[in-house]
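Pasting a structure here, questions to come.
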Amino acid sequence: MDRGADDGPWRLGLHLVALADHALSALDVRELARPAMRQLATETGETVTLSVAAGGESVTVEFVPGVGSVVSVAQLGRPSVAHATATGKVMLAFGGVPLPQGELEIFTERTITQRKALAAEVKSARLRGYAEAVGEREEDLVGLAVPIIGAGSRLIAILGLQGPESRLTEKRRAAVVPALLEAAADVATALGAAPR
């Protein structure tokens, strides 16, 4: 440790700060996210997912199933489609990933297929702090997703919520977004990010 120029209180030396950063990066984001994920699943009744960046896309690494009579089942290791899922849109909005090139694959009649419409959707997600996809990859499946932002404003992971459209109506989505944002902030804080 170093002392200040005025021989005041001790402060961490630069090498200790670097060691602390290395230790934080080794923490398992899944382990730290589980408490917030469980609470969110209990509070909303919907399935909660955790995704991380891998090769320019987001991949589901953990999920907590909802408690509703009809629940969405997430698949571990399944990559998100950038233009047709909420987590994919968060990846585009906050992960520094460019918009997909070429033709956008159609999954349902509500899949975004025009790059201009996708760019507007990504901009909207960036401005409001979350993304949504309503029946865009799978019929009747609604997804909401928010970024988990770490130190240096870096995207660490993506927290998502998904369920049937019959329950996740527009009104209900608006009602659960604050809890989703709060859960993501809790995970970011557990990972050492300054409170936002």
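The values are calculated or read from the model by the stated rules, or taken from the named source; none is laboratory data. Everything quoted here is computed from the prediction, not taken from an experiment. Don't worry about glycine lacking a Cβ; one is built from the backbone with ideal geometry, like all the others, and counts go over all protein chains shown.
Out of the residues in the stretch 31-60 meeting the condition of being among the small types (Gly, Ala, Ser) and farther than 17 Å from Glu132 by Cβ, tell me which one is surrounded by the most Cβ atoms within 10 Å (Cβ to Cβ).
Restricting to residues being among the small types (Gly, Ala, Ser) and farther than 17 Å from Glu132 by Cβ, the top hit is Ala33.
OK, next. What pairs come out if I take residues in the stretch 54-67 that are over 17 Å from Lys89 (Cα atoms) and pair them with residues that are among the charged types (D, E, K, R) and assigned to a loop (DSSP other than H, G, I, E, B) whose C-beta lies under 7 Å away, six or more apart or interchain?
Gly66/Glu46
For the stretch 158-191, what are the residues that are of a type in the set (Gly, Ala, Ser) and not in a helix (DSSP H, G or I)?
Applying the first criterion (of a type in the set (Gly, Ala, Ser)) to the stretch 158-191 yields 160, 163, 166, 174-175, 179, 183-185, 188, 190.
Once the filter is applied, which keeps residues that are of a type in the set (Gly, Ala, Ser) and not in a helix (DSSP H, G or I), the stretch 158-191 yields Gly160, Gly163, Ser166.
I'd like the residue in the stretch 61-87 that is at pLDDT 90 or above and among the hydroxyl-bearing types (Ser, Thr, Tyr) and, out of all such residues, is farthest from Val134 (Cα to Cα).
Thr87
Take the residues of the stretch 176-196 that are modelled with pLDDT of 95 or more and in contact with a Ser or Thr (Cβ under 9 Å, 6 or more places away or on another chain): which is surrounded by the fewest Cβ atoms within 10 Å (Cβ to Cβ)?
Of everything passing the filter in the stretch 176-196, Ala179 is surrounded by the fewest Cβ atoms within 10 Å (Cβ to Cβ).
Kindly provide the set of residues from the stretch 127-157 that are of a type outside the set (D, E, K, R) and either in contact (Cβ under 8 Å) with a residue 60 or more places away in the chain or assigned to a loop (DSSP other than H, G, I, E, B) (or both), ordered by number.
If we filter the stretch 127-157 for residues that are of a type outside the set (D, E, K, R), which is where we start, we get 127, 129-131, 133-135, 141-153, 155-157.
Within the stretch 127-157, Gly129, Tyr130, Gly135, Leu141, Ala145, Ile148, Gly150, Ala151, Leu155, Ile156, Ala157 qualify.
Residue check, Ala131 against (1) surrounded by fewer than 16 Cβ atoms within 10 Å (Cβ to Cβ); (2) under 26 Å from Arg167 (Cβ atoms); (3) of a type outside the set (D, E, K, R); (4) modelled with pLDDT of 95 or more, all met but one. Which one?
Of the numbered conditions (1) surrounded by fewer than 16 Cβ atoms within 10 Å (Cβ to Cβ); (2) under 26 Å from Arg167 (Cβ atoms); (3) of a type outside the set (D, E, K, R); (4) modelled with pLDDT of 95 or more, the odd one out for Ala131 is (1).
Just the residues that are within 13 Å of Thr47 (Cα to Cα) and within 12 Å of the chain's Cα centre (by Cα), please, taken from the stretch 163-185.
Hit for the stretch 163-185 is Leu180, nothing else.
Determine whether Arg137 is on the phi < 0 side of the Ramachandran plot, under 15 Å from the mean Cα position of the chain (by Cα) and charged (D, E, K, R). Quick ask: steps written out before the conclusion?
On the way: on the phi < 0 side of the Ramachandran plot: yes; under 15 Å from the mean Cα position of the chain (by Cα): no; charged (D, E, K, R): yes.
The answer is no for Arg137.
Leu155 is checked against (1) at pLDDT below 95; (2) surrounded by 19 or more Cβ atoms within 10 Å (Cβ to Cβ); (3) out of contact with any Phe, Trp or Tyr (no Cβ under 8 Å at 6 or more places or on another chain) and fails just one. What number does that condition carry?
(3)
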